[in-house]
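Chemist: After the structure tokens below, expect a handful of questions from me.
The values are calculated or read from the model by the stated rules, or taken from the named source; none is laboratory data. Remember, it's a predicted structure, so these values are computed and weren't measured experimentally. We place every Cβ from the backbone using ideal geometry, glycine too, and count neighbours over all the protein chains shown. Each accessible area value is taken on the protein alone, full model and side chains, heavy atoms only, with ligands, DNA and RNA left out. Shrake-Rupley method; radii C 1.70, N 1.55, O 1.52, S 1.80 Å.
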Amino acid sequence: MPIGIFETVGRRTNNVLALFGDFFIFAGHAFRWLLTTGISRKTWRLLLPQMFEVGVKSVGVIAVTGAFIGMVMAIESFNQFKAIGQEERMGSIINLSVVKQIGPVLAAVMLAGRIGGALTAELGTMNVTEQLDALRVMGADPIRYLVVPRLLACLLLTPILTIYSDFLGVLGGWFIAVKTLGVPSFPYWQFSEQGIDTWQIMEGIVKSVFFGGAIGLISCYKGFTCGAGASGVGRACTESFVASLIAIMILNFFFAKLLQDLYIAIFGMRSLFG
């Protein structure tokens, strides 16, 4: 009985390690092609349709998510700030939370659901119908022609969509706080300016680049390695979203710690309210 348990644990551990190894080999091939052919004219011709899919078609869901997150934060924080007579300082907390953490993370999660599933389904269908094998037979690398444009689109457009989400989140919080709850507008923005500097804004944007890379790589990998049939493609889409979500949360934790320590090392401790 104990031997069987150890055997099962060892086999599963070995399978997990092999899976990670296959993924990192896949990612290495993708970045090798990205660095060598990423600026070529052929890549940019393949990139434009993917930019439309990743960027333009995601604007609506990103806008709704960003705006309502700012509104919800304003509603939830108003009573606590009013209880201590500091409702004018709401802008610092709301806007800092939006641009530094909530905006980038939720934008990436929405992209993982909308774009990640679509990329996995598209490439998975090509894998099931042997179109990837046809490309290999013709001497073309599927990673070069299929993965690199999609990965590059995710890397370029996730930060832009994050900025858009942050902007609408800030406006949504201001609208609820000032226009609905009666917080004075001038001190709201004044305390926001004191609590947020360029570092906090760039921190969210830098994280979003890595979030986009994780979404692109995981989605394409799951599509390339999906099981046979429609059920295999469906499972790959589910696994793609779950794996992307976990990767986003893990990356967010490590970047939060790394960038916070780096900020303290460069600028020292800084009061939230200036």
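Chemist: Report, to the nearest 10°, how far helix 229-267 tilts away from the longest principal axis of the Cα atoms in the chain, using its own Cα long axis and a range of 0 to 90°.
Modeler: Taking Cα atoms only, the helix is inclined about 50 degrees.
Chemist: In Å², what does the accessible area per residue of the stretch 111-253 work out to with a 1.4 Å probe?
Modeler: 42 Å²
Chemist: Round to the nearest 0.05 the FRET efficiency obtained for LEU156 and LEU17 when R0 = 25 Å and r is the Cβ-Cβ distance.
Modeler: Working from the Cβ atoms, E equals 0.20.
Chemist: Whole-Hz ³J(HN,Hα) for each residue in the stretch 133-144, computed from phi via Karplus 6.51 cos²θ - 1.76 cosθ + 1.60 with θ = phi - 60°, x for glycine and proline: what do you get?
Modeler: In residue order, the calculated couplings are 5, 5, 5, 5, 4, 7, x, 9, 7, x, 5, 5 Hz.
Chemist: Using only Cα atoms, find the angle between the long axis of helix 41-54 and the longest principal axis of the chain, and express it within 0 to 90 degrees, rounded to the nearest 10.
Modeler: So the helix axis and the longest Cα principal axis differ by about 60 degrees.
Chemist: Around TRP189, under 13 Å between beta carbons, what's the net of Lys plus Arg minus Asp minus Glu among the other residues?
Modeler: So the environment of TRP189 carries a net charge of -1.
Chemist: Tell me the angle of helix 198-224 to the major Cα principal axis of the chain, expressed in degrees between 0 and 90 and rounded to the nearest ten.
Modeler: Between the helix axis and the principal axis of the chain, the angle is about 20 degrees.
Chemist: Along the Cα-to-Cβ line of THR125, 7 Å from the Cα, sits a label point; which residues in the stretch 223-254 have backbone N less than 20 Å from it?
Modeler: Label zone hits: 223-241.
Chemist: What is the sum of charges, Lys and Arg at +1 and Asp and Glu at -1, for the other residues whose Cβ falls under 14 Å from the Cβ of ALA74?
Modeler: Net of charged neighbours comes to 0.
Chemist: Could you order GLU203, GLU88, GLU76 so the one with the most accessible surface comes first? Probe is 1.4 Å.
Modeler: Largest accessible area first, the list is GLU76, GLU88, GLU203.
Chemist: For LEU35 and PHE186 in one chain, what is 0.36 nm times their gap in residues minus the Cα-Cα distance, to one decimal in nm?
Modeler: Full extension from LEU35 to PHE186 adds 49.6 nm.
Chemist: Show log10 I(q)/I(0) for the stretch 139-200 at q = 0.24, 0.26, 0.27, 0.28 Å⁻¹, two decimals, from a solvent-free Debye sum over equal Cα scatterers.
Modeler: Debye intensities relative to I(0), on a log10 scale: -1.01, -1.07, -1.10, -1.13.
Chemist: For the stretch 1-94, rounded, prolate or oblate, judged on the Cα gyration tensor with a ≥ b ≥ c (square roots of eigenvalues), a/c < 1.5 rounded, else prolate if a/b > b/c?
Modeler: Here the stretch 1-94 falls in the oblate category.
Chemist: If each residue of separation counts as 0.36 nm, what is the full-extension length gain between VAL59 and ALA256 once their alpha-carbon separation is subtracted?
Modeler: 68.3 nm
Chemist: Starting from the Cα gyration tensor of the chain, multiply each eigenvalue by 5, take the square root, and state the resulting semi-axes largest first in whole Å.
Modeler: 40, 22, 18
Chemist: Could you give the length gained on full extension between VAL137 and GLU76, defined as 0.36 nm per residue of separation minus the Cα-Cα distance, in nm?
Modeler: 16.1 nm
Chemist: Right, here's the next one. Quick check on the stretch 174-274: take the gyration tensor over C-alpha atoms, sort the square-rooted eigenvalues as a ≥ b ≥ c, and tell me if it's rounded (a/c under 1.5), prolate or oblate.
Modeler: Here the stretch 174-274 falls in the oblate category.
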